[in-house]
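Participant: Encoded as structure tokens, here's the structure I'll be asking about.
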Amino acid sequence: MNIRPIIFITILLCTFSVQAESAKEFETQANAAIKEFAETLKSALMLSMQTDGSVKTIAVCKDIAPRVAEQVSTKYNLDVSRTALKIRNPENKPDEWEKTVLRSFEKRLEKGETIKKLSFSEQVETDGVKQWRMMKAIGTDLVCVTCHGEKIPEPIQAKLKKHYPDDQAKGFSVGSVRGAFTIKQIVPAD
Ligand code: HEC
């Protein structure tokens with residue numbers, strides 16, 4: 001009996017299952033990181049909106065968001081940030097992969113998927129470096145439209161304009177995709 005094909009298939013299956021295993025591990029870590037980032041940010045936002053008012057809360061989004069992103073990235077050994085098709089801070093600009101995923105989220109939402117389900121991950125190779133990447137959509141809630149909606153109150157508009165002269169993150173309505181969490185992790189070499 002020729003066992004070569006059997007050995008070949010076994011190796012192939014093992015390779016696939018190792019890949020599936022590492023995909024699953026990445027997704028579990030990425031989802032935990034996103035959950036922690038989202039919850040920390042949302043509670044800081046809500047607390048500040050209630051106690052300091054919306055103008056002062058701009059500082060939460062400006063200073064606390066990047067700080068929390070850094071903390072969570074270190075804790076989970078990932079690169080966590082936020083991006084969107086229409087951005088406020090130019091530092092959050094999406095790359096081509098992110099743009100494609102964000103556009104696919106818009107299409108999926110149109111077709112009836114809920115925002116909570118809008119998530120996508122895959123392994124990507126850029127300039128010879130393999131990375132796991134994941135994005136998860138961020139929906140627009142009522143509290144968000146104060147600073148990202150169609151009718152932003154004047155004092156907020158003035159402060160936003162000062163810090164973000166090229167602000168595009170306006171005109172969003174409740175239930176739309178405001179942006180997404182985006183995660184990267186370099187795949188360790190074998
Ligand atoms: C008090 C005003 C304010 C509120 C309320 C607010 N944001 Fe923002 N948002 C900002 C500011 C300011 C930035 C820019 C942060 C920075 O400099 O990185 C921002 C940035 C973002 C970004 C990063 C992408 C970009 O446009 O630069 C996302 C995503 C986002 N906000 C989503 C939300 C969501 C979702 C809510 C509601 C849960 C929300 N925001 C509520 C002011 C606000």
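Participant: Quick one: which of 48-57, 96-105 comes out on top by average Cβ neighbours within 10 Å, and what's the full order, highest first?
Facilitator: By packing density, highest mean first, the sequence is 96-105, 48-57.
Participant: Moving on. Using only the alpha-carbon atoms, how far is helix 96-110 inclined from the longest principal axis of the chain? Give it as 0 to 90 degrees, nearest 10.
Facilitator: 80
Participant: Follow-up question, since we're still on this one. Go through 36-42, 158-164 and give me the packing order, highest mean Cβ count within 10 Å leading.
Facilitator: Per-residue Cβ counts within 10 Å, averaged per peptide and sorted highest first, yield 36-42, 158-164.
Participant: For the chain, take the longest principal axis of its alpha carbons; what is the angle in degrees between that and the long axis of helix 65-76, to the nearest 10 within 0 to 90?
Facilitator: 20
Participant: Another question, if that's okay. Which lysines have a Cα lying under 27 Å from the Cα of Lys161, excluding residues fewer than 8 positions away in the same chain?
Facilitator: Answer for Lys161, where 27 Å is the Cα cut-off: Lys42, Lys56, Lys62, Lys86, Lys93, Lys99, Lys151, Lys170, listed by chain and number.
Participant: Now a separate question. Could you tell me what fraction of 2.2 N^0.38 Å the Cα radius of gyration of the stretch 59-131 comes to, as a two-decimal ratio? Mind dumping the intermediate values first?
Facilitator: Details: Rg = 14.2 Å, N = 73, 2.2 N^0.38 = 11.2 Å.
Cα-based Rg divided by the globular estimate yields 1.27.
Participant: Right, another one. Could you tell me the relative contact order of the chain? Use alpha-carbon pairs under 8 Å, at least six residues apart, and round to a whole percent. Present the calculation step by step, with values, prior to reporting the outcome.
Facilitator: Numbers: 231 pairs, mean separation 44.4, N = 190.
Reported relative contact order: 23 percent.
Participant: Quick one: grab the alpha carbon gyration tensor of the stretch 91-173, order the square roots of its eigenvalues as a ≥ b ≥ c, and give me rounded if a/c is under 1.5, else prolate or oblate depending on whether a/b is larger than b/c. Numbers along the way, then the final one.
Facilitator: Values: a/c = 3.27, a/b = 1.58, b/c = 2.07.
It comes out oblate by the Cα gyration axes.
Participant: Further, regarding this structure: Give the Kirkwood hydrodynamic radius (Å, one decimal) of the stretch 38-190, defined as one over the mean of 1/r across all pairs of different Cα atoms.
Facilitator: Taking every pair of different Cα atoms in the stretch 38-190, averaging 1/r and inverting gives 16.5 Å.
Participant: Can you compute the charge dipole magnitude of the stretch 55-131 about its Cα centre, using +1 on each Lys and Arg Cβ and -1 on each Asp and Glu Cβ, nothing else charged? Give it in debye, rounded to the nearest 20. Provide the component values of the computation, followed by the final result.
Facilitator: Details: 16 positive and 13 negative charges, 102 e Å.
Using only the charged Cβ atoms, the result is roughly 500 debye.
Only the coordinates and a few stated rules stand behind these numbers; no lab work does. Remember, it's a predicted structure, so these values are computed and weren't measured experimentally. Cβ coordinates were reconstructed from backbone atoms using ideal geometry, including for glycine residues, and neighbour counts include every protein chain displayed.
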